[in-house]
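Reviewing the structure listed below.
The values are calculated or read from the model by the stated rules, or taken from the named source; none is laboratory data. Computed from a predicted structure; not experimentally measured. Note that each Cβ is placed from the backbone with ideal geometry, even for glycine, and that neighbours are counted across all protein chains shown. Side chains included, ligands, DNA and RNA excluded: accessible areas come from the protein's heavy atoms. Shrake-Rupley method; radii C 1.70, N 1.55, O 1.52, S 1.80 Å.
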Amino acid sequence: MTARPRLVGGFVWGLAGVLLIALAWEGYKFFGPADGLSIGELRVLPRTTDLAMPHLWDMMARLAEPVTRAEGALPLWAVVALAALTTLGIAAAGWAVGVVVGVGFALLMQRWRLAEFGLLPWIVISQTVPLIAFAPVVKSWGSRVEIGSFEWQDWMSVALIASYLAFFPITVGALKGLQSPDRIHLELFETYASGYWSTLKQLRFPAAVPYLLPALRLGAANAVIGAVVAEVSTGLQGGIGRLLIQFAGQASGDPAKAWGPIFGAIVLGLVAAGSVALLSVILKDYRRTEEAA
Amino acid sequence: MSDQILNSAAATDAPLAAGDTDAAAVSVRGVNKQFQTATGVVHALEAIDLTVSAGEFVSLIGPSGCGKSTLMRLIADLDDPTSGDLTVFGKTTTQARLDQDYGIAFQQAGLLPWRTVAANVALPLELHGVASADRRSRVANLLDMVGLTEFADRFPDQLSGGMQQRVAIARSLAEQPRLLLMDEPFGALDEMTREKMQTDLVRIAADTGAAVVFVTHSIPEAVFLSDRVVVMSPRPGRISQIVPMQLNAIDGRQERSDNLREESSFFEMVTEVREALHGGASDSPGDEPRQARGVDTR
Ligand SMILES: Nc1ncnc2c1ncn2[C@@H]1O[C@H](COP(=O)(O)OP(=O)(O)O)[C@@H](O)[C@H]1O
Ligand SMILES: [Mg+2]
């Protein structure tokens, strides 16, 4: 129940995990064969050369250095941070659209059984269409959209794909949550002559919170993955996806640099998950049960 | 008196919605309720006639499945009778529900886990737009009444089962209803808590002057609480006998204290109700054991 020790505990474990990975990396680099291990044509262990596996401290040091040798270039970490922020913004937009659409679908399906029968199969099927693979097509559709002064931007295609991946778990979680109130509670509200909206506000939504929070977290993770991959496949400038590709291309000359955006992507995922975790701290009273002490 | 009630309830040209003040708290006339199930039709209630006067405390007792909860749900307008007539304060049950004429408590407390004790009691007031200052003072009074003032800011999962049930009872009283419907509200409590709650309920009902329809499994509980005990039998659910309680303290319900439990008149009444249950009404003396099943005779 007490949030603080658990939070601290989680932090300690997280730190221990990172340390373990760092030790494994450097340990393998030190003891492993320089040329890796191959069975026939198949390489089962990677090379340990500085080109394939730079030292962790080299990667860290590289983050502090300017991104290019050009005059007045920003340090690598700042470039990565800016790109990560851009991607975070796009993912957040996609997530927000996913929340609105997902909760909207859930409300429709909760209210009308018929809507559930009619919609739910299509919503499930929709996820078998790998929209992410069609990212360039989505982009070209988008570029044709022009309504008055509104013009479709390329980042919107990326956000759209992010929302497409985010809305599904949110729909399912929200529907389950909205349908979760016990009969005893529903009948209690009926005896209060409570209408649809006040029952929704005072009973269904609060009861849905424990189902919604994991769904929102899953949605956020999906939105981040969707945004990064869609950036890569549409070639959108400015985000972390583009940076990943660009710096990987320079890895032969500057191997530590390619790791900058990878760290950026990891931090990006953590920030997204952390934001939703913050939400669940704020809503902690809604995760209580009725069980007697 | 009861004839007059019968007439006024039966008169179709009477303004039902107005709910005249003389009307009985509950009037049930020739009610049948059948459920269609996969295995056939269940006659949950058959030919039920019952009048509960304003301010009267009536218990329904009988073995499991004799239709006590069903009758309560019909009065609360949570279900409709297959045939027959029900009125609450002279109105249709739907109108009475919309007018918030009754408060209800079930076997489970049914508190909202994300609301504090005070907010749970305030729920009906909030839903009906009672101003927040008024709400606060009423909640404070109610919590005082059930002895939970110090627990106002706790959450349900921090309370014992008995405390939760007391919160639920405070909530059912929040709108000062003239009728209380209670379906085995003390069923899940231990004996000690149960007796305390019974004493409290008698006091609360006397203080507020509310009529109470109280479902129970326990004969002593029914005797201790009630003005009349309605004995029911199952398959089909029928009223087999209505036993008026003649206790020494009957004149004032507030007089009904724990001492009553030791009085000889109390035991006489317990015996009478038990015989009514086991005798299973004079018309069917043959099936005593069946009728007694499920009844708690402690
Ligand atoms: N919704 C329902 N559908 C089918 N049968 C029901 C339903 N509700 C109650 N019954 C049946 O009606 C009878 C009376 O039930 P109930 O009123 O709950 O009895 P009690 O509260 O006295 O134990 C039982 O046989 C029960 O199985
Ligand atoms: Mg019952």
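Values as computed for the structure displayed
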quantity: 2 or more residues modelled with pLDDT of 85 or more, away from ligand 2 (no atom under 16 Å from the Cβ) and in contact with a helix residue (DSSP H, G or I) (Cβ under 9 Å, 6 or more places away or on another chain): qualifying strands (runs of 3 or more DSSP E) within segment B:179-266; calculated: B:179-183, B:211-216, B:238-244
quantity: Selected residue (criterion: surrounded by the most Cβ atoms within 10 Å (Cβ to Cβ)) from residues of segment B:77-96 that are under 21 Å from B:Pro236 (Cβ atoms) and more than 8 Å from ligand 1 (Cβ to nearest atom); calculated: B:Leu86
quantity: Test: residue in segment B:130-149 that is open to solvent by 40 Å² or more (accessible area, probe 1.4 Å) and within 11 Å of chain A (Cβ to nearest Cβ); calculated: no
quantity: Matching residues in segment B:157-178 - criterion: being over 17 Å from B:Pro124 (Cα atoms) and either in contact with a helix residue (DSSP H, G or I) (Cβ under 6 Å, 6 or more places away or on another chain) or open to solvent by less than 10 Å² (accessible area, probe 1.4 Å) (or both); calculated: B:Leu159, B:Gly162
quantity: Number of the exception - B:Ala122 against (1) touching a residue at least 40 places away in the same chain (Cβ under 8 Å); (2) within 16 Å of ligand 1 (Cβ to nearest atom); (3) open to solvent by less than 40 Å² (accessible area, probe 1.4 Å); calculated: (2)
quantity: Some residue of segment A:243-261 being of a type in the set (Asp, Glu) and crowded, with 19+ Cβ neighbours inside 10 Å; calculated: no
quantity: Condition check for B:Asp80: touching a strand residue (DSSP E or B) at 6+ places or on another chain (Cβ under 9 Å), assigned to a loop (DSSP other than H, G, I, E, B) and not hydrophobic (A, V, I, L, M, F, W, C); calculated: yes
quantity: Residues (in contact with an Asp or Glu (Cβ under 7 Å, 6 or more places away or on another chain) and open to solvent by less than 70 Å² (accessible area, probe 1.4 Å)) located in segment A:262-289; calculated: A:Arg288
quantity: Residue tally, condition of a type outside the set (A, V, I, L, M), away from chain A (no Cβ under 14 Å) and within 13 Å of ligand 2 (Cβ to nearest atom), over segment B:65-99; calculated: 4
quantity: Matching residues, segment B:100-125, being farther than 19 Å from A:Ile184 by Cα and either assigned to a loop (DSSP other than H, G, I, E, B) or within 8 Å of chain A (Cβ to nearest Cβ) (or both); calculated: B:Asp101
quantity: Qualifying residue in segment A:68-85 (condition: among the aliphatic types (A, V, I, L, M), in contact with an Asp or Glu (Cβ under 7 Å, 6 or more places away or on another chain) and under 19 Å from A:Val271 (Cβ atoms)); calculated: yes
quantity: Residue within segment B:89-104 that is in contact with a helix residue (DSSP H, G or I) (Cβ under 7 Å, 6 or more places away or on another chain), at pLDDT below 90 and under 28 Å from B:Asp207 (Cα atoms) present; calculated: yes
quantity: Residue in segment B:140-157 that is more than 16 Å from ligand 1 (Cβ to nearest atom) and closer than 20 Å to B:Ala96 by Cα present; calculated: no
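This table checks each residue for (1) among the hydrophobic types (A, V, I, L, M, F, W, C); (2) at pLDDT 85 or above; (3) open to solvent by 70 Å² or more (accessible area, probe 1.4 Å).
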| site | (1), (2), (3) |
| --- | --- |
| A:Ala83 | yes, yes, no |
| A:Ile90 | yes, yes, no |
| A:Gly98 | no, yes, no |
| A:Gly102 | no, yes, no |
| A:Arg111 | no, yes, yes |
